[in-house]
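Participant: If you scroll down you'll find the structure; I have some questions about it.
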Amino acid sequence: MNIHFASPLAFLLLLLIPLLIGLNALKGKGGAIRFSTIGHAARAGKSLRRRVLWLPTLMRILALVLLIIALARPQTGREEIKEISKGIAIEMVVDRSSSMAAELEYEGERMTRLDAVKRVFEEFVMGGGRDLPGRPNDLIGMIHFARFADTVCPLTLAHGALPAFLKSVRLVQTREEDGTAIGDALALAAARLKTAEESLKMQRGKADPYTIKSKIIVLLSDGENNFGKRTPLQAAELAAQWGIKVYTIAIGGEDAVTSIQTPLGVYKIPSRQRVDTKTLQAIAEKTGGFFRQAEDADSLRDIYEEIDRMEKSEIESVRFVDYKESFIWFALTGFVLIFCETLLRSTLLRRIP
């Protein structure tokens, strides 16, 4: 933990304080009244009030010092030097069609397939224990799809924004947007990765030493392609041409159920969705990835752990600065001193004239 000042030139204002003290002293010299003798007044001694007449002036000086420190913007925090040289560009492609409302149990909690996928993906990127240490050095992007494919999160190294993006991923709300456009989603993800270098230069500048070691797509679906302009195999061909590896995951088991809220309560009905495992497997084989089937949330996490072990980033040293603004406490203390000084000058230590 250390202290850093964002605007150190503000300390030059401290040079004005002696000048203000001198001007205040000159201002304090008023008129004189002549007495024959002040001996008796001297023998009477000083009252407590007279002994602390200097207190408001001291409070004013301290307040000015504290306010100048606040203007210099003190920041407390830590600085860590760690430079990333090589990383992996990863696009997560998630099915959000109505069939993803089927339930899974994850760590003792019942949730939809989509929520389980989002939870595990966040742990994959941000870190979730020893087996999922996180991917802080990789470019991460996300695309979701139902009848249409959309980019949720562009490829970025700023993973702090990912939880907010994940919250925006929801199940389809209307029949008009329902469907499964696997081919279009895969093609969009491949196109984003193809231009990843250009996107990185726009974010970090041309002189940035970061290079993309490899590009992968994690495609997750519980259905079969039934919408879109491109077939999944056509999109896989594009990915293969551009050197992009695709890991495909079919999610869901035979005993899946979906909870439906009715006026009489919550009912669970069997959810039967045909997963096109042959196409998902063909996509993986064509691009050099692998195909896995996740029947529950635990097996889904195992698959992400397997991907995490296979796709490793190379780290050399990112400058990471985590500072927190601390000027507010100096400013508040300064204003409190000014208030107390004004109160004393107007009451107990009031001077006439």
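Participant: Could you tell me how many of the residues in region 182-206 are in a helix (DSSP H, G or I), of a type outside the set (D, E, K, R) and at pLDDT 80 or above?
Facilitator: Result for region 182-206: 11.
Participant: Something else: Test PHE124 against the criterion of being of a type outside the set (D, E, K, R), touching an Asp or Glu at 6+ places or on another chain (Cβ under 8 Å), crowded, with 20+ Cβ neighbours inside 10 Å and more than 27 Å from PHE227 (Cα to Cα), and give yes or no.
Facilitator: Working: of a type outside the set (D, E, K, R): yes; touching an Asp or Glu at 6+ places or on another chain (Cβ under 8 Å): yes; crowded, with 20+ Cβ neighbours inside 10 Å: yes; more than 27 Å from PHE227 (Cα to Cα): yes.
Yes.
Participant: Next question, about the same structure. Hey, among the residues in region 224-276 that are of a type in the set (Gly, Ala, Ser) and part of a strand (DSSP E or B), which one's modelled with the highest pLDDT?
Facilitator: ALA250
Participant: Quick one: would you say GLN293 is modelled with pLDDT under 80 and among the polar types (S, T, N, Q)?
Facilitator: no
Participant: Any idea which residue in region 301-314 is surrounded by the fewest Cβ atoms within 10 Å (Cβ to Cβ), counting only those that are at pLDDT below 90 and over 16 Å from ILE140 (Cβ atoms)?
Facilitator: Taking the candidates together, the pick is ARG309.
Participant: Would you confirm, using the coordinates I've provided, whether THR279 is buried (at least 17 other Cβ atoms within 10 Å of the Cβ), touching a helix residue (DSSP H, G or I) at 6+ places or on another chain (Cβ under 7 Å) and either modelled with pLDDT under 85 or in a loop (DSSP other than H, G, I, E, B) (or both)?
Facilitator: No, not satisfied.
The values are calculated or read from the model by the stated rules, or taken from the named source; none is laboratory data. All of these numbers come straight from a predicted model, not from anything done at the bench. All Cβ positions, even for glycine, are placed from backbone atoms using ideal geometry, and neighbour counts span all protein chains on display.
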